Each structure stands twice: as C-alpha cells, then as structure tokens.
Ligand SMILES: [Zn+2]
Ligand SMILES: [Zn+2]
C-alpha cells in the first residue's frame, strides 16, 4: 500500500514537472526579456569594452560581458584583407544561447554585400530581428560614437528598422558617419524598445 502511494506521488509530481516545463517552453519565445551578451573579439581595448558596458547598463537591465574570443577564420575576406560581417553574425548567432542576444565588438574592419557593392565596409551589421549583431571601431572616432553603433545594431536585433528621424540612433548611416547628429532614440523607436524591457 505504502509503495503504491509513493509510486502515485512520483507519477503526479512527474506530470506536474512535465506540464510546467512544457508551459515555460511555450511562453518563452519573445515574452521573456533576453540577456544581452557583449562579446568582444581579440584586440578590442578594455576601456572601450568597459564604456560600452557602463552605458548599456543604464538602458537595459540584463547585460553580461563575455571573455574575448577570436574572429571566425571563415569570415576573413582575403581580397580586401578584412572580415565579412554577415559571416560573423551567423557565427555569433550559432554560439548564442536561447533567449540571449550577442553584440560583437571588434577593432578589425568589417564588410558586407550591398545593392551596389560586393564588399562594402560597414560600422556594424545585425539581424532584424535576431540573436546577433557585430560592430567595428575601425571607422569610428571615439567611444561615444562607437556606443551609438552598438545600440543601433542592438535596435535591429530587437526588430527596429532604419528610422527617418535624423537625430535618432536608428538613422541609416548611408555610407557616411552621421553619429554626432544622433542624440537619442526617437519616440517611436523608444516605445518599441520600452515594450521589450528597455529602460529609456
Ligand atoms: Zn542599420
Ligand atoms: Zn527612430
């Protein structure tokens, strides 16, 4: 009798755990605020990593700094001696756990294919929406400017498209460097991020 009771208890408990796990699995995508992994690549100065962390923590509650890693060798583009941004974000996306977003920081030059160019140098690139983005300090003057690129790419991962407001962080750089004109997220972009747990 006692054995039967214990067995029934185990079955009830087991079913409860199974249903709970299923439920968490069901509600997880999009409804839990993701953790942002700041992922430096080798050669990124410590001060820049610290600056990005300090500023990002003011805007978003869950941010973690990862240990520096090497850029994937497969992303190296021999003809221009630089790294393919699309290949880097594919790599970052693969190594990023579920319900996390990775933003890569590199000092190397990065590039992607555009309408008019096979290999076009960029300041950053990200999935929209998605789990990964990459940013480069190569075309940037200072940490303040660089942080704007970081949050622009993170904005893309959160689903934001380019924005027509010239002072908004989501402005399209269009091959130039308009970063000093960007002051904040405009109201529309801000509202989109606040709904996703950003503290703006
Ligand atoms: Zn963009
Ligand atoms: Zn905007």
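Multiplying the residue separation of residue 74 and residue 138 by 0.36 nm and subtracting their alpha-carbon distance yields 21.1 nm. Were the residues from residue 65 through residue 166 laid out at 0.36 nm apart, the gain over their Cα-Cα distance would be 33.3 nm. All Cα-Cα separations within segment 87-141 were binned at 5 Å from zero, giving a P(r) of 4, 20, 27, 23, 17, 7, 2, each value a whole percent of the pairs.
Relative to the compact-globule scaling 2.2 N^0.38 Å, provide the ratio for the alpha-carbon radius of gyration of segment 92-200. Let's see the in-between values first.
Values: Rg = 13.5 Å, N = 109, 2.2 N^0.38 = 13.1 Å.
With N residues counted in segment 92-200, Rg over 2.2 N^0.38 Å equals 1.03.
With the helix formula -39500 (n - 2.57) applied to DSSP H stretches of n ≥ 4, the chain reaches a computed 222 nm mean residue ellipticity of -13000 deg cm²/dmol. Each semi-axis of the equivalent ellipsoid for the chain is √(5λ) with λ an eigenvalue of the Cα gyration tensor; in descending order they amount to 39, 20, 15 Å.
In a fully extended conformation the segment linking residue 98 and residue 113 would gain 2.6 nm over its present Cα-Cα distance, using 0.36 nm per residue.
Out of all DSSP beta bridges with both ends in segment 90-191, state the antiparallel percent to the nearest 5. Don't jump to the answer; show the numbers that get you there.
Numbers: 6 of 13 bridges.
Around 45 percent of the beta bridges assigned by DSSP in segment 90-191 are antiparallel ones.
Rounded, prolate or oblate: which fits segment 31-99 when a ≥ b ≥ c are the square roots of the eigenvalues of the alpha-carbon gyration tensor, with rounded for a/c under 1.5 and prolate only if a/b beats b/c? Provide the component values of the computation, followed by the final result.
Working: a/c = 2.72, a/b = 1.50, b/c = 1.81.
It comes out oblate by the Cα gyration axes.
Ordered by the number of other Cβ atoms lying within 10 Å of each residue's own Cβ, fewest first, 123, 59, 53 fall into the sequence 53, 59, 123. Under the criterion of Cα pairs below 8 Å and six or more residues apart, the relative contact order for segment 23-172 equals 21 percent. Beta bridges per DSSP, both residues in the chain: antiparallel share near 30 percent. Counted by neighbouring Cβ atoms within 10 Å, the residues 114, 137 run from fewest to most as 114, 137. Inter-part distance, segment 46-62 to segment 111-161, computed on C-alpha centroids, equals 17 Å.
Read-outs: derived from the displayed coordinates by stated rules, not from any lab. Keep in mind the model is a prediction, meaning the values are calculated, not measured. When we count neighbours, we look across all protein chains shown, and the Cβ atoms used for this are built from the backbone with ideal geometry, even at glycine.
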